[in-house]
Each structure stands twice: as structure tokens, then as C-alpha cells.
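Novice: First the structure, which I've put down as C-alpha cells, then a few questions once you've had a look.
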Amino acid sequence: MGRFSWRWGKRKVRTGLGILLVCSIGLSGCAQGTAPTASSVEDGRSGIALTKDELVLAVGTEPEGGFDPTTGWGQYGSPLFQSTLLKRNAKLQLVNDLATAYSVSEDGLTWTVTLREDVKFSDGEPLTAEDVKFTFDTAAQSGSVIDLTNMADVQAPDDSTVIFTLKSPQSTFISLLTTLGIVPEHAYGADYAEHPVGSGPYKLVQWDKGQQAIVEANEEYYGNKSAFHKLTFLYLDEDAAYAAAQAGTVDIAAIPAAFSKQEVNGMTLEAVKTVDNRGIMFPMQPAGAKSGDGLPAGNDVTSDLAIRQAVNVVIDRKTLVEGVLEGYGRPAYSVSDDLPWSNEEAVFTDANLEEAKRILTSGGWVDTDGDGIVEKNGVKAEFNLLYFAGDLTRQSLALAAADMVAQAGIKINVEGKSREETKKMAYSNAVLFGWGSHDPLETYNLYSSTHKGEGYYNVGLYSNPVVDSWMEKALKATSEEEALPFWQKAEWDGTTGFSYQGDAPWAWLVNIDHLYLVTNGLNIGEQQIHPHGHGWPVTSNLEEWSWDNSTNKK
């Protein structure tokens, strides 16, 4: 498989444009007297002792909806300005945050959480159980990505006790306790997303939309204090973030793999393992079907199991990691590789051209006219693969995968489309999507019949009653541990499942390492395995960050 055209997938560093953008932002901030100056960062590059308590970061995109947890802020990373009832440590183990304890009734319907009593919001007002009740009630009514449809009621019988009542047992309810930041009832209004008040380690002091957010340490914070009093988040694309790192105007920059081989003076590359995956979603119904909104759905090629399994088994995932990701990633075989609910038995041997050909032949797909493309009942094995236009990594993965699959006699036409176009075309065309979460509910959303055609969930209209049954059992378990074997059986139970060995509704490709250029001497602690790329997951352990010259590697 040595004929892939990686060169077109490489990008040229738009250094000049990036520096221009960074300088523009810097000037804007300086005019307001609050943004850091380049010289403050340059001190670190010149070898002077690193003791400053301010950092400049370009580590992620600007949240379009602002900083309101009840509408989704913090779902993929730390909410930063707000606290959660529980949280996960670097090993993804549950630890207390606002909670001092929690318990679940034997029937799984009643969750009781006890709160610590020394917590204040950044405005000095105490945080009580009424604020927790208000937060969950508000989120339930928001119609946002936060799914609280199974919560029947939440009560605050006293200042430090919260009681949740569920309609049915839900093992994934624990994830809501770890991700939903608590907002103050007394300070919550229509503009909360732009002016958040919370009990997290930092408070927002300035938000210049499209440019930067400046935050300062919350003096009322009850947890371990961060060594850094002030953080400035620059909203830069990957090219501009890399240029800012080169210019010495940021302490941390998130960069794509394409820049990973280029050294930047005074900075060290940190690679963080993730479940930020990319994979090919297949339409599962024959052509002629309709989505819930009446859009054309189905595809006569991808609806054939032999096609989906052949695509899966012929793709060389290690080569994708080496060729597209410059080695910064690992092969993906599911939406949740290496997480507790994934099934190791679903991992398979790929890069197997002979097996792909055998599967196609057995499935009735044969090249009868000698054009290199197999046919079945007069239908050629040819379909479109869409990706979000402008995303170079997805484009590279799609084209490389198409090259690999062509060897088996399947033709894939790769096309870049806008997100709006993709929404309309995804029911009848394969799409290269990305997912990855610390919450197994994402697995349910992608594969459950109940989410067929719902937003970006289950766009392929996949349905398997046995898979549904296993996942329902997982949801109705009373704990994460009890749910694990059911999630694993939904993926592959020895007979059926949503894995390659079963229905193969996806061909998962790679998990992408998150790459950060970090100023020498800045220790960003032990990072969790990161979720999908939304939010700022690298900041989830800010209290561990420190200046530590032992981390210097260059």
C-alpha cells in the first residue's frame, strides 16, 4: 500500500498571516490594558527564571454559545468558571468536587448527593442545593445537547442535600454529575452565557468575541489554587496558533499533526492521547428511503454488509496514523477505544486485501467487465464519501482511505461539503465524522434505533433490535460497573453487534493525538485521555500546572 498521495495532504505554514492575526489581537488587547504583551512571554524564551503567573493560550475554538453549562458549555472539557458535583481524575476515576458523597437507591431511581458547605460563587454568595436544583431544572428545559429527559424531579430538602428522581434507572446519569457546571440562581439571566458567575477555579473578566477571553483566578475557589493568576485564551485557527508559537506570543498552542515535525525555539511538543476519533459512517438502508425530515436516504452500495466489512478490513489504519497524523495517533476500531465500555474482542486485523476480496466475492460482488470495480446485480461498488470542507485532516484521511479501498475493487468519490450541505446529504452518502466522549451515552446515541436520523446521531439509520436490547440493559444498570458488560455485548456478543464482525455501520479509522506546543519549563501535569476536540480539555487539571525547569527538553 505504498501508492498513497500524502503530499497533497501537507499544508504550508501561513506564518505571515498568522503573525498578522496574532499581532492584531495583541494590539487590541493592549489598547484595553489587559492583554499580555509579547515581551512578558519572551522572558521565558531568553532563559530568565520563569516565575510569571500569567499564561497566554491558543488551545481551542471559541464557544459559539458562550459559557453557560445549561446549554452545553463544558461538555467536552472543563467548564473552568463553574464547578461540577463530581469530576474525573487523570485516570478517569470519579472523585468528589462539590459533592462530599453520593448514593443510588437499589432500584436505581433515586440519586442523593451531599454537598460541601464551604463553597461560594465568585461574587461571594454561597452555593447551596437550591443552585444545583436550579441548574438541572434549567438545563432540562433548555432543549440543548444536555439530555435530562429521564430526570423526573430534582429536590433540595436542605442547603447541602440534592435528591434526583429518575423515570427509569440510568447508569450514564453519573456523567451528567461530572460535566454539568452549577450556575447561581441569583445571578442567572438572559446574558449569563456572556457574563458567567460560578464557583470554578477561574472567573471571566473580559471576552472580546472572535479574538480572546481573559480570565483571572477566583479568589473564592475552595479547591487547590492554580499557580497562575491570569490566563488569556486567544481564538486562533491552527495555522495562526502555530505562527503565534513561532513568534513567542503564546505559552501553549494547539497544533495539527502537519506541523509536528517543525521545531519551535523555546517550546516542547506535548502529545496527549485521546478518543477524538475519525471514522466513516455508512448509510444502512437501500436507496429510496426517507429521513425523518423527508430528505433522501439510503444507498444501494453501502447498505450491503459485504461492502462495509470489506472497507473496514482493507484499510490500513497504522499507515493512516503514520502518513496523515505523522505518527501522532493510534488506529481506531470503535467510538470508544481504550475506554472501559469498549470491547477488546471487536478489534480485528486490518490491512487485509485478500480478506476484503474474499468478503466481496462471498457477498456476490464481482468485477465482470474488467474495469477494476466490482458489481452486484448491475450495481457498481461506487459511493461518495463526504467530509467537512476546509478540514485538511479529514480530507487527507478520506482520500487515503479511498486509495486503500480501491485495491479491493470499491470506488469512493471523496467530496468536501459545507456542514449545511452535509446535513442534507448525510442520509444517502457516507460521511467522515468525528466523535469521542467520556460518556458511554454517546455510544447509545450513535447506534440506538431511538436516535435514527436525529441530528448528527445515527445518520445512517442503523437499527438492530439485539443491539438496542443490550444498550437498554446498560442504561438501566444502577452503576457504571454493572453497565460495562452490556455495552461490550452491544458492540459484539459473539453473534451480532455494531462492530466490524457484526453489522459494521461504521469504519472507524484513527484516534487523533491532541498536540500542544508548550513553553519550556511549563509543566501541564498528567492529562486525561482527551475527548473530542470541542472545548478546552487541556485545562481540566490547571491546578497541577507549574513552572518546572525539569520539563525542559530542548
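The values are calculated or read from the model by the stated rules, or taken from the named source; none is laboratory data. Keep in mind that this is a model prediction, so the values were computed, not measured. Neighbour counts run over all protein chains shown; Cβ positions are idealised from the backbone, glycine included. In case anyone asks, the SASA skips ligands and DNA or RNA and just uses the protein heavy atoms, side chains included. Shrake-Rupley method; radii C 1.70, N 1.55, O 1.52, S 1.80 Å.
Novice: So, R0 is 51 Å and r is the distance between the beta-carbons of LEU92 and THR368; what FRET efficiency does that work out to, to 0.05?
Specialist: 0.50
Novice: Of the options ALA297, GLY372, MET404, report the single residue whose Cα projects farthest towards the positive end of the charge dipole of the chain (beta-carbon charges: Lys, Arg +1; Asp, Glu -1).
Specialist: Most positive-ward Cα: GLY372.
Novice: How much length, in nm to one decimal, is gained on full extension between VAL379 and ASP208, taken as 0.36 nm per residue of separation minus their Cα-Cα distance?
Specialist: Here the segment from VAL379 to ASP208 would lengthen by 56.1 nm.
Novice: What full-extension length gain, to one decimal in nm, is calculated for GLU130 and ALA187 as 0.36 nm per residue of separation minus the Cα-Cα distance?
Specialist: 19.2 nm
Novice: Determine by what factor the alpha-carbon radius of gyration of segment 115-246 differs from 2.2 N^0.38 Å, reporting the quotient.
Specialist: Expressed relative to 2.2 N^0.38 Å, the Cα Rg reads 1.24.
Novice: Could you work out Rg/(2.2 N^0.38 Å) for segment 311-383, with Rg from alpha carbons only?
Specialist: Rounded to two decimals, the normalised Rg is 1.39.
Novice: Name the long-range amide H neighbours of ALA287: under 5 Å, sequence gap of 5 or more, or other chain; modelled H, no Pro or chain starts.
Specialist: Residues meeting the amide H criterion: ASN299, ASP300.
Novice: Let me ask another. Place a +1 charge on the Cβ of each Lys and Arg in the chain and a -1 charge on the Cβ of each Asp and Glu, then give the dipole magnitude about the Cα centre in debye, rounded to the nearest 20.
Specialist: Dipole magnitude for the chain comes out near 1800 debye.
Novice: What do the square roots of 5 times the Cα gyration tensor eigenvalues come to for segment 462-554, in whole Å, largest first, as semi-axes of the equivalent ellipsoid?
Specialist: 40, 17, 10
Novice: I need the per residue convex hull volume for segment 361-405, using only the alpha carbons, in cubic angstrom as a whole number.
Specialist: Per-residue hull volume (Cα only) is 91 Å³.
Novice: Report, in degrees rounded to the nearest 10, the 0 to 90 angle that the Cα long axis of helix 305-314 makes with the longest principal axis of the chain.
Specialist: 70
Novice: I've got another one for you. Given a Förster distance of 25 angstrom, what is the FRET efficiency for GLU481 paired with THR149, based on the Cβ-Cβ distance and rounded to 0.05?
Specialist: 0.55
Novice: If you don't mind, there's one more thing I want to ask. Over segment 248-384, with a single point scatterer placed on each C-alpha, what log10 of the ratio I(q)/I(0) does the Debye formula yield at q = 0.10, 0.15 1/Å?
Specialist: Computed log10 I(q)/I(0) values: -0.52, -0.92.
Novice: Would you calculate a helix-derived [θ] at 222 nm for the chain, using -39,500 (n - 2.57) for each DSSP H run of n ≥ 4 and dividing by the full residue count, to the nearest 500?
Specialist: So the calculated ellipticity at 222 nm is -7000 deg cm²/dmol.
Novice: Taking amide hydrogens as modeled 1.01 Å from N in the peptide plane, which residues meet the under 5 Å criterion relative to ASP548, leaving out close sequence neighbours?
Specialist: Here the answer is LEU522, ASN523, since their amide H atoms fall under 5 Å of that of ASP548.
Novice: Can you give the local net charge around LEU432? Use residues other than it whose beta-carbon is closer than 15 angstrom to its beta-carbon, Lys and Arg +1, Asp and Glu -1.
Specialist: Once all neighbours under 15 Å are counted, the net charge is +2.
Novice: Just to confirm the number: angle between the C-alpha axis of helix 465-475 and the first principal axis of the chain, 0 to 90 degrees, nearest 10?
Specialist: Rounded to the nearest ten degrees, it is 20.
Novice: How big is the antiparallel share of DSSP beta bridges in the chain, given as a percent to the nearest 5?
Specialist: Just about 80 percent of them are antiparallel.
Novice: Same structure again: Evaluate segment 191-231: find the radius of gyration of its Cα atoms, find its Kirkwood radius, and give the ratio Rg to Rh.
Specialist: 0.99
Novice: Read phi for every residue in segment 259-272 and hand back ³J(HN,Hα) as whole Hz from Karplus 6.51 cos²θ - 1.76 cosθ + 1.60, θ = phi - 60°, with x for Gly and Pro.
Specialist: Ordered by residue, 3J(HN,Hα) equals 9, 5, 8, 9, 6, 10, 4, x, 10, 10, 7, 10, 10, 10 Hz.
Novice: Calculate the radius of gyration of the Cα atoms of segment 93-190 to one decimal place, then report Dmax, the largest Cα-Cα distance, as a whole number, both in Å.
Specialist: Expressed in Å, the Cα Rg and Dmax of segment 93-190 come to 13.1, 39.
Novice: Which of the aspartates and glutamates could a cross-linker bridge to LYS357, judged by Cα under 20 Å and excluding same-chain residues fewer than eight apart?
Specialist: ASP300, ASP304, ASP316, ASP367, ASP369, ASP371, GLU375, GLU382, ASP403, ASP503
Novice: Continuing with this model, one more query. How far apart, in nanometres, would the label points at HIS229 and ASN265 be if each is projected 7 angstrom from Cα along the Cα-to-Cβ direction?
Specialist: 3.0
Novice: Place +1 on the Cβ of every Lys and Arg and -1 on the Cβ of every Asp and Glu in the chain, take the dipole about the Cα centre, and give the residue among PHE81, TRP508, THR393 whose Cα lies farthest towards its positive end.
Specialist: Among PHE81, TRP508, THR393, the one farthest towards the positive end of the dipole of the chain is THR393.
Novice: Going by Cα centres, segment 421-471 and segment 316-356 are how many Å apart?
Specialist: 20
Novice: For the chain, state the average projected area of the convex hull of the C-alpha atoms over all orientations, rounded to one decimal in nm².
Specialist: 25.6
Novice: About its Cα centre, how strong a charge dipole does segment 404-538 have in debye, to the nearest 20, once Lys and Arg get +1 and Asp and Glu get -1 at the Cβ?
Specialist: 520
Novice: While we're here: How much accessible surface area, in Å² rounded to 10, belongs to the heavy atoms of LYS476 with a 1.4 Å probe?
Specialist: Here the residue's solvent-accessible area equals roughly 110 Å².
Novice: Can you compute 3J(HN,Hα) from phi for each residue in segment 476-487, using the Karplus curve 6.51 cos²θ - 1.76 cosθ + 1.60 with θ = phi - 60°, rounded to whole Hz and x for Gly and Pro?
Specialist: 7, 5, 8, 8, 4, 5, 5, 7, 3, x, 6, 4
Novice: Could you please state, rounded to a whole Å, how far the C-alpha centre of segment 93-146 is from the C-alpha centre of segment 220-277?
Specialist: 32
Novice: Determine the order of HIS186, HIS451 by accessible area, beginning with the largest, at a probe radius of 1.4 Å.
Specialist: Sorted by accessible area, descending: HIS186, HIS451.
Novice: Rounded to whole Hz and in sequence order, give me ³J(HN,Hα) for segment 291-301 from the Karplus expression 6.51 cos²θ - 1.76 cosθ + 1.60, θ = phi - 60°, writing x for Gly and Pro.
Specialist: With coefficients 6.51, -1.76 and 1.60, one gets 6, x, 9, x, 6, x, 9, x, 7, 5, 8 Hz.
Novice: I need the calculated FRET efficiency for the pair THR100 and ASN523, taking r as the beta carbon distance and R₀ as 41 Å, to the nearest 0.05.
Specialist: 0.85
Novice: Holding the Cα-Cα limit at 20 Å, pick out from LYS167/LYS476; LYS87/LYS133; LYS273/LYS476; LYS424/LYS452; LYS52/LYS273 the pairs that are longer than that.
Specialist: LYS273/LYS476; LYS52/LYS273
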